[in-house]
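Report on the structure given below.
Bear in mind these aren't lab numbers, they're just calculated from the coordinates by the rules spelled out. Quick caveat, the model's predicted, so the values are computed rather than measured. Please note: Cβ atoms are built from the backbone with ideal geometry, for glycine as well, and neighbour counts cover all protein chains shown.
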Amino acid sequence: MKALSVLSEQVGRIRALDPYTLDLVGREALTVPENLATEYGEYQSGGWKTLSLYNDSGDPMDATIRDCEAKETTLLERMPATRELLRSFGLRYMWARIARLQPNSFLWEHKDYHELTDERQHHRLHIPLVTNRSCALVTGGARVHMAHGHLWWLMPTHAHGACNLTGPDRLHIIMDCYGDEAFEALTADMGLDGVPVDLLPEPSKKELSEHLDLAVMLAGMGYHEAAEHSLLRLFYRYAMPDGTVYDLIVSTYQRLGDEERAEAWAAKKNVMLCLD
Amino acid sequence: MTATLVLDPPGAGHPTALACLDRVAAALGTSPEVHALHAVPPPADPRHDGEALLLVAVRGDRLGDFCSVLDTLVQSEVGAVLPGWRDRSVPDALESVHLVPQDDHLVRLRVRAVPAGTPAAEPPAGSRTLLDRAAEGGAPADTPEDDLLPALLAAEHRRDRDPAELLTETLVRLHTVHADARAGRSLEAYGGFTLLCTALRELLRASLIAGAGPVPHAEPYAAGWAGFDATLALTPIGRRCRGELHALVAAGPPADTPALAHAVELVLRTAGHAAPAVVAGLAGPVDSYRRYLHLD
């Protein structure tokens with residue numbers, strides 16, 4: 001119960017959305033151009049692409065979020081049902097995006113918002129438009145599937161990650177907004193009641209050792225990226241202290257005597273978890 | 001990796017399988033221990049849509065290591081929908097099967113790992129060479145002093161197969177059976193269907209029967225089924241499994257999408273009675289499997 005209480009400070013289901021509206025929005029999102037922008041390359045495995053619906057430039061390809069007073073982009077102007085839905089929340093948006101996550105794609109363990117300077121509270125909301133059961137958000141040592149049909153909330157300042165393990169494509173609208181009365185009203189009944197939550201097990205020393213051995217074998221055969229990915233994916237399988245997967249990669253390269261790669265991953269851990 | 005194209009691709013009418021093979025070859029060919037990669041045409045005819053076979057010649061003394069990392073490699077770098085399983089019905093070869101999404105379709109990828117420099121590493125007629133390090137100026141593969149393949153095959157046949165691997169085999173075989181039945185290859189579908197039912201039977205044996213021991217790999221005809229009705233009838237869970245299995249056998253190979261959806265349900269219900277944790281653990285991949293097959 002304590003774990004769920006902690007988790008409810010990181011993620012929550014806000015409320016159900018009208019199915020007909022959601023269907024219209026989904027159709028609009030599925031007909032947007034294929035050439036979505038790729039941003040945050042260092043945070044992902046590849047396969048994460050976005051187009052902006054709200055930002056300060058109005059350009060849908062401008063996808064690196066920052067504090068701003070956002071306006072509707074030229075893309076949102078062509079999506080009437082989506083525009084109506086986003087307006088209906090009455091939120092003060094900082095950014096809003098359509099995000100496509102392809103099969104076998106991961107946003108690796110990371111923290112967000114630490115680069116933002118505005119002192120107002122920031123919040124992230126998700127509207128799943130197309131999803132499958134292999135899609136998951138992991139935060140607070142738990143795996144949550146953001147099911148279609150609802151509006152979801154996430155506090156991404158905690159170490160978290162998202163994946164679409166086996167596909168097909170996942171399509172979400174992701175909105176970053178500022179905390180205000182409209183946000184408080186919208187999220188008044190938010191919670192995790194009835195939400196299937198998988199509390200991840202802690203790995204035993206033996207399990208971690210076996211994963212490390214496998215990664216060393218992969219890297220030793222020249223499969224460096226596969227070795228790294230095999231360890232990064234453990235974040236979605238086990239509850240571990242922040243940054244453990246990065247430490248394991250460092251250990252892998254230290255065992256192989258590859259100090260250059262070990263140092264690069266130690267530095268990457270600092271970037272991903274905002275430790276600098 | 002630099003691909004050396006030697007021959008025209010087999011089955012050129014199946015771009016999905018070919019695109020999948022190229023992607024897999026790019027992932028597996030990263031290692032200098034992999035000497036050659038050959039795309040092998042389907043054995044019977046080009047109607048085997050959605051299937052691809054890759055022959056991987058690995059430096060002899062690293063063959064065991066390669067087999068140890070292969071499933072992780074395919075899941076991580078290629079994005080297999082389900083874990084791989086070893087097809088023990090293939091004699092004299094270590095051949096694993098992986099279900100890989102490609103352009104919103106599922107491709108059954110077969111990977112046959114052999115020691116480089118041995119006769120088994122010779123590309124079969126009609127193969128397409130995707131990687132050949134010797135042809136690129138690398139040293140030709142030495143004939144290994146000790147051929148590890150017999151020992152690895154023996155170890156594979158001694159290994160206990162767990163219910164998760166057997167459920168995966170069942171679902172992948174169902175994919176094959178459906179393709180055959182839909183294309184009117186009813187006899188091939190029947191043959192595949194018996195292998196499917198056998199895999200499901202072994203899942204029940206491994207999950208429900210204490211001390212069932214390793215799954216036999218070369219039983220006499222029907223030996224594994226003798227007395228199985230009575231064995232399942234001993235317990236309430238066994239009787240539920242028997243009911244589902246009877247329904248699956250009575251329905252036969254699924255030739256259309258509703259029949260396939262029904263067969264998937266029966267397989268999952270059977271497995272769910274016997275090994276609920278396994279079915280729950282594969283919930284995400286199984287949901288993906290259904291969606292790629294448009295069963296949702």
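Per-structure values
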| read-out | value |
| --- | --- |
| Partner chain coverage, peptide B:277-287 - average Cβ within 10 angstrom | 3 |
| Fluctuation leader among B:Val24, B:Val249, B:Val267 - chain B, Gaussian network, Cα springs under 10 angstrom | B:Val249 |
| Peptides B:109-121, A:249-261 ordered by average Cβ neighbours within 10 Å, highest first | B:109-121, A:249-261 |
| Distribution of pairwise C-alpha distances over segment B:153-296, 10 Å bins, in % | 11, 42, 36, 11, 0 |
| Alpha-carbon centroid distance for the pair segment A:167-223 / segment A:243-269, whole angstrom | 22 Å |
| Shielding by partners, peptide B:69-76 (average Cβ within 10 angstrom, other chains) | 6 |
| Vicinal HN-Hα couplings computed from phi for segment A:250-262 (Karplus, 6.51 cos²θ - 1.76 cosθ + 1.60; Hz; Gly/Pro x) | 4, 4, 4, 6, 5, 5, 8, x, 9, 5, 4, 5, 4 |
| Ordering of A:269-275, A:184-190 by burial proxy (mean other Cβ atoms within 10 Å per residue, highest first) | A:269-275, A:184-190 |
| GNM result for chain B, Cα springs below 10 Å: residue of B:Gly227, B:Gly126, B:Gly252 fluctuating most strongly | B:Gly227 |
| At R0 = 35 Å, FRET efficiency that the Cβ-Cβ distance of B:Ser68 and B:Thr231 yields, to 0.05 | 0.50 |
| Paramagnetic reach from B:Glu136 (point 7 Å along Cα→Cβ, amide N under 14 Å) across segment A:220-236 | A:222-223 |
| Sites B:Asp103 and A:Glu184 - FRET efficiency at Förster radius 35 Å, r taken between beta-carbons, to 0.05 | 0.20 |
| Mean ellipticity per residue at 222 nm, deg cm²/dmol - from DSSP H runs of n ≥ 4 across chain A, formula -39500 (n - 2.57) | -9000 deg cm²/dmol |
| Spacing of the two label points (7 Å from each Cα toward its C-beta) at B:Leu187 and A:Thr31, in nm | 5.0 nm |
| Nearest-ten-degree value, helix B:15-28 long axis tilted from longest Cα axis of chain B | 70 degrees |
| Degrees between helix A:205-220 axis and first principal axis of chain A (Cα, 0 to 90, nearest 10) | 80 degrees |
| Length-normalised contact order of chain A in % [C-alpha pairs under 8 Å, at least 6 apart] | 20 percent |
| Peptide-level mean, for A:123-133, of C-beta atoms on other protein chains within 10 Å | 2 |
| FRET efficiency, A:Ala3 to B:His262 (Cβ-Cβ, R0 30 Å, nearest 0.05) | 0.15 |
| Estimated inter-spin distance, A:Asp118 and A:Asp276, nm [label 7 Å along Cα→Cβ] | 2.4 nm |
| Ordering of B:180-191, A:207-218 by packing [mean C-beta count within 10 Å, highest first] | A:207-218, B:180-191 |
| Simple spin-label estimate for A:Asp258 and B:Arg240 in nanometres, 7 Å along Cα-Cβ | 4.8 nm |
| Where Rh is the Kirkwood radius over Cα pairs, Rg/Rh for the protein assembly as shown | 0.98 |
